[in-house]
Structure formats: C-alpha cells, structure tokens
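What follows is one structure encoded as structure tokens, with my remarks underneath.
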Amino acid sequence: MKATPTGLAGLLLLEPKVFGDTRGFFFESWNEKEFERAGIRVKFVQDNHSRSEKGVLRGLHYQVRQPQGKLVRVTAGEIFDVAVDIRRGSPTFGKWEGARLSAQSKSMFWIPVGFAHGFCVLSDSAEVLYKTTDFYAPEHERCIAWNDPELAIDWPLSGAPALSRRDAAGVRLRDAEVFP
C-alpha cells in the first residue's frame with residue numbers, strides 16, 4: 001500500500017496494491033500490519049455504507065465526543081472527499097484537503113480524529129463505505145457549513161448541491177464547537 005501524506009498532519013491518501021486479471025481484481029482494503037507501517041494504529045468498531053445521487057453533498061460532519069477517525073473508500077461511482085482540520089491548536093486549523101475517490105481508482109482517504117468530513121457525488125450515483133474508530137453518537141454530532149466562506153472549499157459542483165436539512169443548517173467554523 002502506498003500512503004501519501006497531505007498538507008494536513010495525519011491525513012493520508014492511500015493507494016492499495018490491486019491485483020487484476022481477466023477475471024476481475026483483488027485488493028486488501030484493510031490490513032492492520034500494512035496500516036501500522038503507514039502510521040495508522042487504530043481499532044475500527046463500525047462500518048458505514050451510503051448511496052447518494054449526483055449532486056448530493058454530505059457534511060461537513062464530526063463528533064465532539066466519541067470522535068471518529070474514518071477510513072473512506074468508494075465502492076461504486078466517484079466522489080470528491082474533503083477533510084477540514086478543526087484542531088484549534090493545529091498550525092493548519094481551518095485548512096482543508098480534498099481528493100477524488102472512485103471505485104475505479106480504489107484509493108482511500110484516512111481521516112484521523114480532529115477533522116470534519118464531507119463529500120459530494122460526481123458520478124450519476126456513488127456508494128461510499130467507511131470504517132470508523134468509534135460508534136455513531138448523534139448527540140455529539142456537529143456540522144460545519146459546507147459553503148463557509150472562510151474555508152473556501154473548492155467543491156467541483158455544477159450548481160447548488162442537494163443537502164439534508166441538517167447539512168443546510170451547518171454553522172460556520174468560527175461558531176463551531178471544535179477540538180482543542
């Protein structure tokens with residue numbers, strides 16, 4: 001597995017070794033030893049799987065208690081995946097990184113604790129599978145506005161995104177409860 005650091009400490013773009021032939025392909029999406037070699041030493045407790053249509057934007061989500069590290073990959077279609085550093089003491093606080101993830105590339109994004117996460121769907125539809133390091137706790141979930149002008153995320157959208165009510169009500173980073 002190739003682990004490429006981003007401009008935000010701890011955030012990694014991962015490219016698994018894919019073995020393919022005329023029958024199809026095989027790759028390890030999780031191998032504890034390989035991930036430890038890349039500096040990712042975590043215990044996953046939950047897998048989440050979502051399906052969304054083109055133009056859907058989900059996020060920017062995080063949990064202030066029971067924070068979740070996330071290993072994100074796409075099993076069908078393509079997304080633009082975004083992580084925002086919300087660790088107040090970090091030199092990159094308020095900075096973001098984005099990556100195109102697709103079923104074809106099989107690349108994954110490792111998003112450690114301390115980041116808000118979101119994505120928009122670029123293909124006709126997309127299925128996203130992600131492992132988390134803690135359980136979902138709706139009472140601790142928070143949402144930062146996807147279009148916060150101070151973040152200035154360059155979403156590759158061709159119009160207004162389809163949002164949930166909760167995501168449409170996201171707050172600006174300056175007003176959000178964040179990590180110390």
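The values are calculated or read from the model by the stated rules, or taken from the named source; none is laboratory data. Source: prediction; values computed, not measured. Note: ideal-geometry Cβ built from the backbone for every residue, glycine included; neighbour counts use all protein chains shown.
Listing for the model above:
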{"item": "Pick from segment 161-180, criterion assigned to a loop (DSSP other than H, G, I, E, B) and in contact (Cβ under 8 Å) with a residue 40 or more places away in the chain, ranking: nearest to residue 139 (Cα to Cα)", "result": "177"}
{"item": "Evaluation of residue 65 against (1) out of contact with any His (no Cβ under 7 Å at 6 or more places or on another chain); (2) surrounded by fewer than 16 Cβ atoms within 10 Å (Cβ to Cβ) (one fails), failing number", "result": "(1)"}
{"item": "Strands (runs of 3 or more DSSP E) (entirely within segment 1-46) containing at least 3 residues that are touching a strand residue (DSSP E or B) at 6+ places or on another chain (Cβ under 9 Å)", "result": "2-5, 12-15"}
{"item": "Only one of 14, 57 that is within 23 Å of residue 158 (Cβ to Cβ), of a type outside the set (Ser, Thr, Tyr) and modelled with pLDDT of 95 or more", "result": "57"}
{"item": "Pair list, Cβ < 7 Å and 6+ apart or interchain, from segment 39-63 residues that are closer than 17 Å to residue 103 by Cβ to residues that are basic (Lys, Arg)", "result": "47/131; 52/58"}
{"item": "Qualifying residue in segment 137-151 (condition: part of a strand (DSSP E or B), at pLDDT 95 or above, out of contact with any helix residue (DSSP H, G or I) (no Cβ under 7 Å at 6 or more places or on another chain) and at negative phi)", "result": "yes"}
{"item": "Qualifying position, being of a type in the set (Gly, Ala, Ser), over 30 Å from residue 28 (Cα atoms) and buried (at least 20 other Cβ atoms within 10 Å of the Cβ), among 170, 118", "result": "170"}
{"item": "Subset tally (residues that are among the charged types (D, E, K, R) and within 21 Å of residue 174 (Cβ to Cβ)) for segment 89-125", "result": "2"}
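Table: residues versus (1) closer than 12 Å to residue 119 by Cα; (2) at pLDDT below 95; (3) under 18 Å from the mean Cα position of the chain (by Cα); (4) surrounded by 17 or more Cβ atoms within 10 Å (Cβ to Cβ).
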{"position": "28", "(1), (2), (3), (4)": "no, yes, no, no"}
{"position": "45", "(1), (2), (3), (4)": "no, no, yes, no"}
{"position": "52", "(1), (2), (3), (4)": "yes, no, yes, yes"}
{"position": "82", "(1), (2), (3), (4)": "yes, no, yes, yes"}
{"position": "87", "(1), (2), (3), (4)": "no, no, yes, yes"}
